[in-house]
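Data first, discussion second: the structure below is written as structure tokens.
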Amino acid sequence: MAKAHTRRAAGAEDAGAAPEAARPGGAPRVMPGADQTDRAALTALPDRADQTDRAALEHLDRLPAVRECGEILVIDDVTGALTATGLETGRVVAWQTSRRAAEALAERFPQAIEAGRLVVAGLDPVGPVPLEEVAWASTAETALVRLPKALLALDHRARALARAAAARDIGFSLLASGRVKHMTRRQNEVLAAAFTQVEAQRGVGKSRALLATGPRKDLEQPPVMAGQAQVTVRGAAETIPLCGVGGVFGGAAADAGSLLLLASLDEVVRGGELDAVETAGDLGCGNGLLTAYLLRALPQARVVAADDDADAIDSTGRTLESVWRPEFRDRVELRWEPSFRGVPDQSLDLVLLNPPFHDGPGVDPTLVQGLLDAAARVLRPGGRLWMVHNSHLRYRPEVERRVGPVRQRVRDRRFTVLEAVSRPGPAAQR
């Protein structure tokens, strides 16, 4: 989303009873021999392991439960090396925040999936599966985790894993690794809230791992942030409750860019310019603020909300529950996918976009280009894209080249709101 700080791209890449859906059966322990294709992958991938992977993997032998159990949980595997190492031992259950990353993992190990040695959670039409359900259904007693930068995301992962382990009444180890420059003592404290013992491991280069053991009993569920946004809907002041899960951008707060976009958009809605809109989309839905507005402001329209981030889909779903009306049921669709990939060409009349512009400390224009191309593809000729961006980035020429004629709707010191009209012609030629 438009911002002056870091956010992971939406279209690319902070003990109790077990969940009822996870109770029946549990995952079987299947450990057939590796086939030829996956043997090649297992040989190659550890060579691609980055320092952060190696910071965890060099301590894996300290955890005898890995080999004794024959199954391991892998959370947010960036390079595939954690999964490859787990497959050398037995069976891997992988959970990825990013849909794109989940699919990349599945594409890398197709034979392991076919043989039942690798399960990538959520790769079905239902969408992302809560981590606690995945952990409860697994027989694993160890999790390899890429440390998220957001403390709230780490708290969410740690509590989900600890609650599932406590419900199964097993010992459990969480081995989480990250870059030292992104690590603080607060991460130790977050892990210590879910586990009885947390130890820093010897570093590898500029990366280090934390080992958390002994899941605490009677933990509360992972936190869900609660907030609200004051917006104008068809000229009337309204309060939209917001929810934030894990590392979703903005948590449960309304960012200034989205508020500026909605204030300008509502003037157009009040003027009747969007009365003919039958289908609208929120590309990179985050905590669901723009989706909730569309449902309230355009009662005649069906709304599609999509994000590559599982935390965002969970957050948007919870936000919509808080503003739910019976008539919304047949009007909204949530999609865990990058860049509206499953939305048909030329099927939407309106798209709202508050995209990421930063990857780490620097600006990465390619993050926006793919989202603009996605918007151009799904918009009908004459359909409208409303986009907000940081004012100093000057994205108007890029929007006009990729989508169509552009009009600046509003601009302030921090943000600019543009409206682009999709040019006629086949989607592939836009």
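Picking from residues in region 154-188 that are farther than 21 Å from residue 63 by Cβ and in contact with a strand residue (DSSP E or B) (Cβ under 9 Å, 6 or more places away or on another chain), the one that is surrounded by the most Cβ atoms within 10 Å (Cβ to Cβ) is 156. For region 374-396, the candidate set comprises residues that are in a helix (DSSP H, G or I) and at pLDDT below 95; within that set, the residue that is surrounded by the fewest Cβ atoms within 10 Å (Cβ to Cβ) is 392. Contact annotation: residue pairs with Cβ atoms under 6 Å, 6 or more positions apart or on different chains, pairing a residue in region 282-304 that is at positive phi with a partner that is part of a strand (DSSP E or B) and buried (at least 24 other Cβ atoms within 10 Å of the Cβ), are 284/307. Scanning region 139-171 for residues that are part of a loop (DSSP other than H, G, I, E, B) and in contact with a helix residue (DSSP H, G or I) (Cβ under 8 Å, 6 or more places away or on another chain) returns 139, 140, 141, 147, 148, 149, 171.
Taking the criterion of being assigned by TED's automatic domain parsing to the domain that holds residue 162, crowded, with 23+ Cβ neighbours inside 10 Å, in contact with a helix residue (DSSP H, G or I) (Cβ under 6 Å, 6 or more places away or on another chain) and assigned to a helix (DSSP H, G or I), would at least one residue in region 88-104 satisfy it? No, that holds for no residue. Looking at residue 181, is it assigned to a helix (DSSP H, G or I), farther than 28 Å from residue 341 by Cα and modelled with pLDDT under 95? Against the criterion (assigned to a helix (DSSP H, G or I), farther than 28 Å from residue 341 by Cα and modelled with pLDDT under 95), residue 181 qualifies. Only one entry in 289, 274 is in the same structural domain as residue 391 (by TED's automatic domain parsing) and within 25 Å of the chain's Cα centre (by Cα), namely 289. A count restricted to region 217-227 and to residues that are at pLDDT 95 or above and either touching a His at 6+ places or on another chain (Cβ under 8 Å) or surrounded by fewer than 17 Cβ atoms within 10 Å (Cβ to Cβ) (or both) stands at 1. Against the numbered list (1) more than 21 Å from the chain's Cα centre (by Cα); (2) part of a helix (DSSP H, G or I); (3) in the same structural domain as residue 98 (by TED's automatic domain parsing), residue 187 comes up short only at (1).
The values are calculated or read from the model by the stated rules, or taken from the named source; none is laboratory data. Bear in mind the structure is a predicted one, so any value in this text is a computation, not a measurement. Methodologically, a virtual Cβ is constructed for each residue, glycine included, from the backbone with ideal geometry; neighbour enumeration extends over all protein chains shown.
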